Structure formats: C-alpha cells, structure tokens
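Every read-out reported here was derived from the displayed coordinates using simple, explicitly stated rules and does not represent laboratory data. The model shown is predicted, which means the values in this text are computed figures rather than measured ones. Here Cβ is always computed from backbone atoms with ideal geometry, including for glycine, and neighbour counts include all displayed protein chains.
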Amino acid sequence: MLHSLPIALALIAALPLAAMSLAGISLPAAAQQAEPQAAAKFSGLVLSQGDIFTNDVGTVMGVSVVNETAATVGSVGVNCAFTVNGKPAGSAGTTIYNIVAGAKGQDQVHLMGPKADAATCTITSTTAPLN
C-alpha cells in the first residue's frame, strides 16, 4: 500500500482545482498559465474516456492512455471528476501500470455511490518503470 501513497496525495491535491472548475470558479492568470505547462509535462500520453454507465454500486467509466513516447511509462495516474446534471457528484481515479512505447493501457474508474451522467478525466501523475 505504500506505493499508492504518492498517488493518493497527488489526487487529494488535485481535488480543489477540480471542484473550482466544476463550480465555475476561475483561477488567477498566473495559475491558468501553469495549466499548459502541466499538459506539457505529460506530453506523448493520450488519455481517452470510454462509455460511462451506472450499476447498483455507483458509476463506472473506462479510461485508456496511449503512450506515444519512445520509452515505457511505469505508471499513469488518472483522476475523473463526475457530475450529475452538471453538478459535482464526486471524483475517483485509477493507476494504469507499465505502458510500453506505442501501446495502450486501460482500466476502469469506479465512483462508489452516485449515479453520474458525465465525467472529465485528467492525467495527474506518471512514474518511471522500476527496472
């Protein structure tokens, strides 16, 4: 479980920004300029969201990341902010491990409880392979 602590901390740190954007609150200009730099940080990784569906437990959505870089990525953290009728319903995430160059890694994100109808996902972190 210790290996997931940095990812959990990164997700917790990202929650206030996600909540602000869902609430229609904008960031100061300096913070908005930092956003493209964050996207550049994960350059070469392409995130795609799949279908969203609900079940008795909550909401499930497939996500995938294509590694368009020349190197293996050890892990990619993905966080999704879910909404119901445009209002925040919660967030959940997953970590996709060992995506080799040119390959696609995929997983599902499970939001327990609310039956959301939409989500916006972002890449929140990456790590190098362990070898």
| query | Which peptide among 105-115, 71-81 comes first, and what is the full order, when sorted by highest mean count of other Cβ atoms within 10 Å? | reply | 71-81, 105-115
| said: Taking 22 Å as R0, compute the FRET efficiency from the Cβ-Cβ separation of Thr83 and Lys41 and round it to 0.05. | reply: 0.30
| query | From the phi of every residue in segment 43-58, what ³J(HN,Hα) in whole Hz does the Karplus formula 6.51 cos²θ - 1.76 cosθ + 1.60 yield, where θ is phi - 60° and glycine or proline is x? | reply | 4, x, 10, 10, 8, 10, 9, x, 5, 10, 9, 10, 9, 5, 8, x
| In straight Cα distance, which lysines are under 27 Å from Lys87, not counting same-chain residues fewer than 8 positions off? | Lys115
